[in-house]
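Laboratory data are not the source of any read-out in this text; all were calculated from the coordinates shown. Please read these numbers as outputs of a predicted model, since none were measured by experiment.
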């Protein structure tokens, strides 16, 4: 599992692209995305996660 820390203002597109690139280069399949510096509510964090998952699944 690889932890990915997101800086404030990082787009979900950038996060998804990074996850896909890391997976392609390393084979790592599991990621823990820490969005505490980018969102300030639980709902915001869940929405960020949902959108990121959608983008990663699209390939």
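Select from 38, 17, 29 the residue whose mean-square fluctuation is largest in a Gaussian network model of the chain (Cα-Cα springs shorter than 10 Å).
Looking only at 38, 17, 29, the largest GNM fluctuation is found for 29.
Any chance you could give the angle, 0 to 90 degrees and rounded to 10, that helix 42-58 forms with the longest Cα principal axis of the chain?
For helix 42-58, the angle is close to 30 degrees.
Cα centroids of the stretch 1-27 and the stretch 31-59: how far apart, whole angstrom?
11 Å
For the chain, what relative contact order do you get, as a whole percent, if you take Cα pairs closer than 8 Å and at least 6 residues apart?
Relative CO of the chain lands at 48 percent.
Which angle from 0 to 90°, rounded to the nearest 10, does the C-alpha axis of helix 12-26 make with the longest principal axis of the chain?
Tilt of helix 12-26: around 30 degrees.
Which log10 I(q)/I(0) values does the stretch 2-58 give at q = 0.15, 0.23, 0.26, 0.28 Å⁻¹ under the Debye formula, counting every alpha carbon as one identical point scatterer?
With no solvent term, the Cα-only Debye profile gives -0.39, -0.89, -1.11, -1.25.
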